[in-house]
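The values are calculated or read from the model by the stated rules, or taken from the named source; none is laboratory data. Computed from a prediction, not measured in an experiment: that's the story for all the values here. Backbone-built Cβ (ideal geometry, glycine too); neighbour counts: all protein chains shown.
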Ligand code: LLP
């Protein structure tokens, strides 16, 4: 059954919650998530992991709300973190350190020390300078076991996605070029404080076709085989994440593939299976993206000779994806009527012309006070929000077994003010 549908009275429901009824009782805008959808997405991955030696991890950056971390943790996922803050949240949520990988181009010395002290699975290293610093720290820390690390290689593969979320091209800041990484594996293999035993790759995000992954798999396959010829044995491959979701979710539809997991994951893993090396993946959007909605209210409708604007109470401060990546998020009314469709811009209250949720979008003719839901907002939504224009970070709710839980209370202006020197 679809988790998002219009009920018999034409009100949008998430799981069994009538969102209009709920919206009347709380302050808008807000994020609301379906725990069932997150579980289903996790299960899709687990069902596919059967033939592979696969360790699925959750990319915490997609949505670090502790309640969401706990759902993926319950499903047996590890965590991929990119800052000491994310590591702190992952540990506090209960992830065991051996299931945590730490990535990122700019880890500080303090972050590396913290990660090593906590005994995480591995650090993914992105430059020779960072590798040298890790060796120095590991030496100073007098560890009983060497620190496990992977080198993130840059395969120069085009992920065919928005340039701001492409990471595997040689023009991107991420990873180490193949020949350079190859030399580092040879040079550092006998270091007593370091076990440089993994390869990490992550080519980009919101990828919707298998081809870039197949190209990456072929690249990794050759890389590992070339290292084997030099007697360097790789002990794990961390394949990153990036699998896209369908942002045009079918409401009331059935059997639609909301994420591209089904057609991407298997062929990718299949290509690497014969290497017989444990495989890690770090999925963010494909686990939580389809589970979240941003609910907002139309404050004003402004008609000019050129445009109709639905001015809503959520803006780029809440969901920056449309402004930043020109991302398309489906927007639907909480109450479906048979009014005609008109072309509108859905814009927020922030003082920027880039503050829009949709442009030239066909939406039903609505009235002030009506609610809208922005779908596909579970990943990179709330976590990328800001206090711009001094707007508080909004509340997050989770539907769990027909109950709605507050999993993040709305920030108060006093909370923000308290951080300043007056
Ligand atoms: N692993 C690494 C090393 C990453 O950098 C990322 C995402 C992931 C895994 C998870 O990727 P996912 O499965 O979620 O695509 N803010 C952008 C997306 C940035 C992704 C950054 N890295 C957006 O809203 O589209």
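Residues that are within 28 Å of residue 324 (Cα to Cα) and assigned to a loop (DSSP other than H, G, I, E, B) do occur in the stretch 189-202.
Working only within the stretch 171-206, note down all residues that are on the phi > 0 side of the Ramachandran plot, without any contact (Cβ under 8 Å) to a residue 60 or more places away in the chain and under 18 Å from the mean Cα position of the chain (by Cα). Result: 204, single match. Residue 298 - would you say it is assigned by TED's automatic domain parsing to the domain that holds residue 81 and either surrounded by 15 or more Cβ atoms within 10 Å (Cβ to Cβ) or touching a helix residue (DSSP H, G or I) at 6+ places or on another chain (Cβ under 8 Å) (or both)? It is false that residue 298 is assigned by TED's automatic domain parsing to the domain that holds residue 81 and either surrounded by 15 or more Cβ atoms within 10 Å (Cβ to Cβ) or touching a helix residue (DSSP H, G or I) at 6+ places or on another chain (Cβ under 8 Å) (or both). If I filter the stretch 120-135 down to residues being in a helix (DSSP H, G or I) and out of contact with any helix residue (DSSP H, G or I) (no Cβ under 9 Å at 6 or more places or on another chain), which single residue comes out as surrounded by the most Cβ atoms within 10 Å (Cβ to Cβ)? That would be 132.
If you go through the stretch 175-188 and keep only what is over 12 Å from residue 128 (Cβ atoms) and part of a strand (DSSP E or B), you end up with nothing. Among the residues of the stretch 280-293, just one is part of a strand (DSSP E or B), closer than 26 Å to residue 363 by Cβ and within 13 Å of the ligand (Cβ to nearest atom), namely 292. From the list 166, 209, the one residue that fits, being surrounded by fewer than 19 Cβ atoms within 10 Å (Cβ to Cβ) and on the phi < 0 side of the Ramachandran plot, is 209. When you scan the stretch 174-194, do you find a residue that is touching a helix residue (DSSP H, G or I) at 6+ places or on another chain (Cβ under 6 Å), more than 29 Å from residue 97 (Cβ to Cβ) and in the same structural domain as residue 266 (by TED's automatic domain parsing), even just one? No, the stretch 174-194 contains no residue that is touching a helix residue (DSSP H, G or I) at 6+ places or on another chain (Cβ under 6 Å), more than 29 Å from residue 97 (Cβ to Cβ) and in the same structural domain as residue 266 (by TED's automatic domain parsing).
Residue 64 falls short on exactly one of the conditions (1) modelled with pLDDT of 95 or more; (2) over 16 Å from residue 124 (Cα atoms); (3) surrounded by fewer than 16 Cβ atoms within 10 Å (Cβ to Cβ), and that condition is (3). Note on the stretch 26-86: enclosed strands (runs of 3 or more DSSP E) holding 3 or more residues that are within 15 Å of the ligand (Cβ to nearest atom) are 54-59, 78-81. With 325, 397 as the choices, which residue is buried (at least 19 other Cβ atoms within 10 Å of the Cβ) and closer than 22 Å to residue 284 by Cα? The match here is 397.
Can you find a residue in the stretch 264-275 that is buried (at least 24 other Cβ atoms within 10 Å of the Cβ), in contact (Cβ under 8 Å) with a residue 24 or more places away in the chain and in the same structural domain as residue 57 (by TED's automatic domain parsing)? Within the stretch 264-275 (the criterion being buried (at least 24 other Cβ atoms within 10 Å of the Cβ), in contact (Cβ under 8 Å) with a residue 24 or more places away in the chain and in the same structural domain as residue 57 (by TED's automatic domain parsing)), the answer is yes, since at least one residue qualifies.
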